[in-house]
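Below is one structure; the comments refer to it alone.
The values are calculated or read from the model by the stated rules, or taken from the named source; none is laboratory data. Everything numeric in this text was worked out from a predicted model, so none of it was measured. Heads up, the Cβs are rebuilt from the backbone with ideal geometry, glycines too, and the neighbour counts pull from every protein chain shown. Ligands, DNA and RNA are stripped out before the accessible areas are found, and what is left, the full protein with its side chains, is counted by its heavy atoms. Shrake-Rupley method; radii C 1.70, N 1.55, O 1.52, S 1.80 Å.
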2 protein chains.
Amino acid sequence: MELYFLGTNAGLPTTQRNVTSVALRMLEERRSSWLFDCGEATQHQILHSPLKLSRLEKIFITHMHGDHVFGLPGLLSSRASQEGSPPLTVYGPAGLKAFLEATLNATQSRIDFGLEIVEHSGGVIFEDSQIKVEARALEHRIESYGYRMTEKDRPGSLNMELLQEWGVRPGPEYGKLKNGESITVNGRLITSDQVLGAPKRGRIVTILGDTRPTPGIHPLADGADVLVHEATFTDEFADLAHKYYHSTAVQAAEAAKKAGVGELILTHFSSRYKDQDQLRPLLQEARSVFPNTQLAIEHQTFPIRPSAQEREKE
Amino acid sequence: MELYFLGTNAGLPTTQRNVTSVALRMLEERRSSWLFDCGEATQHQILHSPLKLSRLEKIFITHMHGDHVFGLPGLLSSRASQEGSPPLTVYGPAGLKAFLEATLNATQSRIDFGLEIVEHSGGVIFEDSQIKVEARALEHRIESYGYRMTEKDRPGSLNMELLQEWGVRPGPEYGKLKNGESITVNGRLITSDQVLGAPKRGRIVTILGDTRPTPGIHPLADGADVLVHEATFTDEFADLAHKYYHSTAVQAAEAAKKAGVGELILTHFSSRYKDQDQLRPLLQEARSVFPNTQLAIEHQTFPIRPSAQEREKE
Ligand SMILES: [Zn+2]
Ligand SMILES: [Zn+2]
């Protein structure tokens, strides 16, 4: 499980950064990636990345501003032109369906794979045996959501040494023990407790849309291993941030600290910060409040690690 | 007057080429540029070019396929975010208005400059004292147009040596002579005929949308100084070209030859041709029919020169 940033700029593209999109890669876990937001030219960014359009399983839209959705029709059309792409679901606020239908119909774009469009207004919007996705409204000029992905706890590891000593071979017996059942081998009763380690806590990743500081962030970010938070401005432009319903780096760090997250990744930077050098003050300001902070960098991978306190438990 | 190619690939972007867009730069003539088609990430291409969004005066859409229009909403939004952008008109087939209204409304994009959307079905769609634009239907899977830009003849140059000899100073007298009027200086009657060279023939540029070979190309391209023609495939895939309503390089060259154009520029290449090397057969095949052929290259400038026969006349 890792994050791969495809666009980290606010409002419009620059020569240095593209408009917003980030992928949650879960190749090991479910052989697919999820996309969060899809600004114009996200498919172009994907061409220069290890991601594959056909492996995209879900796309979550935080809000219907153009710099977060104008890449959707093109990305879906290009994915459709690749034969054998599996179905894909797009989640987002009201208006998403009309936008996609209008653009795809006007251009007579044929989407051959199963395309499901789910408009939501928060709550648990997806859940299966591996992962749960909750959405919650933030505070932006228009309806904007954050998404909290909670991975289900995974069974602990089997004690292979002990199993070998007791003569249990890999096979269906292993599955039973993992499921908490007991088995009898060579006349010996072996209980799951004896050979199964503690379950591994599932990781939590929270990815927010554009927002001012708002109490709604807390339940989304509470105890998350990684929080992706917009940081459009440095502290000096706190007034602008408020006026345009955005956050400063310090405000993002305060939210991270309050929610007790493991790691904070800042993204969605104003075009006024031209390059990595000019972004450094955002990082410094955030770290003064919440030390374990990173700046999102396009075409870089950020692994989702269980946060420190959990690692100690294991 | 020159062409600047922003996208030359058919259907979808590749790591080498973007989807279709070409600018007609007329900085000397009218201090503006016109855009023909606007595939996704055209605004990104413009960021890496000498073009300026604020200097765009008109955008002509050849047809409503996604790879020719998905860049429009983002480009217009970014242009609107630059203060003081002058008005802009977008021309295109039926469906353009609904597409733009749906995308801009769904994303609450505020377009502060005067945005006029003109849907047409061919004919003279624009004319002023400098230039005339005629559109005509081609033969594609959906309604697709070519555009013929005819520059008006410009007055000839004044004979500066003679004027100096006769003591005529630069000023309103020059304007009168250029307008065909006579003047009297130092008691001498000077007629326009005596000092004004032959008028310069306006240039003709024809830019086609996606099309199969069709008689409609002839009136659009007849005697054009430069013809921009799609060449999706090499001759070997003539069947594919026909099936998908596209042209081969040879078919483009045949149209150029028949219409007696000055120069042919091929564009809109299939993704199967990965780089300049792999495009070379298209050029060779076209040149075997029409020698004065070029391949469109992104971020390169192609000047519009009066074609040879006209230059001889001058
Ligand atoms: Zn934004
Ligand atoms: Zn095309």
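Taking region A:97-147 as the region of interest, how many residues are assigned to a loop (DSSP other than H, G, I, E, B), among the hydrophobic types (A, V, I, L, M, F, W, C), within 14 Å of chain B (Cβ to nearest Cβ) and open to solvent by less than 30 Å² (accessible area, probe 1.4 Å)? Counting residues in region A:97-147 that are assigned to a loop (DSSP other than H, G, I, E, B), among the hydrophobic types (A, V, I, L, M, F, W, C), within 14 Å of chain B (Cβ to nearest Cβ) and open to solvent by less than 30 Å² (accessible area, probe 1.4 Å) gives 1.
A quick yes/no check of all residues on (1) under 19 Å from A:ASP210 (Cα atoms); (2) away from ligand 2 (no atom under 16 Å from the Cβ); (3) not charged (D, E, K, R):
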site	(1), (2), (3)
A:HIS68	yes, yes, yes
A:GLY71	yes, yes, yes
A:PRO87	no, yes, yes
A:PHE99	no, yes, yes
A:GLY114	no, yes, yes
A:GLU119	yes, yes, no
A:GLY123	yes, yes, yes
A:PHE126	no, yes, yes
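Flag not set for A:LEU56, criterion: aliphatic (A, V, I, L, M), away from ligand 2 (no atom under 16 Å from the Cβ), open to solvent by 10 Å² or more (accessible area, probe 1.4 Å) and more than 21 Å from B:ARG110 (Cα to Cα).
Scanning region B:121-169 for residues that are among the charged types (D, E, K, R) and more than 30 Å from B:ALA241 (Cβ to Cβ) returns B:GLU127, B:ASP128, B:LYS132, B:GLU151, B:LYS152, B:ASP153, B:ARG154, B:GLU161, B:GLU165, B:ARG169.
Among the candidates A:ASN9, A:ASN105, which residue alone is of a type outside the set (Val, Ile, Thr), in contact with a strand residue (DSSP E or B) (Cβ under 9 Å, 6 or more places away or on another chain) and farther than 26 Å from A:GLU151 by Cα? Every option except A:ASN9 fails the conditions.
Scanning region A:203-218 turns up one or more residues that are open to solvent by less than 60 Å² (accessible area, probe 1.4 Å), assigned by TED's automatic domain parsing to the domain that holds A:ASP67, in a helix (DSSP H, G or I) and modelled with pLDDT of 90 or more. Within region B:228-259, the set of residues being in a loop (DSSP other than H, G, I, E, B), closer than 18 Å to B:GLN276 by Cα and either within 14 Å of chain A (Cβ to nearest Cβ) or within 16 Å of ligand 2 (Cβ to nearest atom) (or both) comprises B:ALA231, B:THR232. Take the conditions (1) in contact with a strand residue (DSSP E or B) (Cβ under 8 Å, 6 or more places away or on another chain); (2) more than 7 Å from every other protein chain (Cβ to nearest Cβ); (3) open to solvent by 20 Å² or more (accessible area, probe 1.4 Å); A:VAL90 misses just one of them, which is (3). Checked against the criterion of being open to solvent by less than 30 Å² (accessible area, probe 1.4 Å) and at pLDDT 95 or above, the candidates B:LEU177, B:LEU266 yield just one match: B:LEU266. Go through the residues of region B:22-36 one by one and say whether even a single one is under 19 Å from A:SER77 (Cα atoms) and either within 13 Å of chain A (Cβ to nearest Cβ) or modelled with pLDDT of 95 or more (or both). Checked region B:22-36: no residue is under 19 Å from A:SER77 (Cα atoms) and either within 13 Å of chain A (Cβ to nearest Cβ) or modelled with pLDDT of 95 or more (or both). The single condition among (1) touching a helix residue (DSSP H, G or I) at 6+ places or on another chain (Cβ under 9 Å); (2) buried (at least 24 other Cβ atoms within 10 Å of the Cβ) that B:GLU236 does not meet is (2). Taking every residue in region B:42-59 that is within 13 Å of chain A (Cβ to nearest Cβ) and pairing it with any residue that is at pLDDT below 95 and open to solvent by 40 Å² or more (accessible area, probe 1.4 Å), at least 6 positions away or on another chain, the pairs with Cβ-Cβ distances below 8 Å are B:LEU53/B:GLN82. In region B:63-78, the residues that are facing chain A (nearest Cβ under 7 Å) and within 19 Å of B:HIS48 (Cα to Cα) reach residues that are hydroxyl-bearing (Ser, Thr, Tyr) and open to solvent by 10 Å² or more (accessible area, probe 1.4 Å) with C-beta atoms within less than 6 angstrom, at least six apart or across chains, in these pairs: B:SER77/B:SER109.
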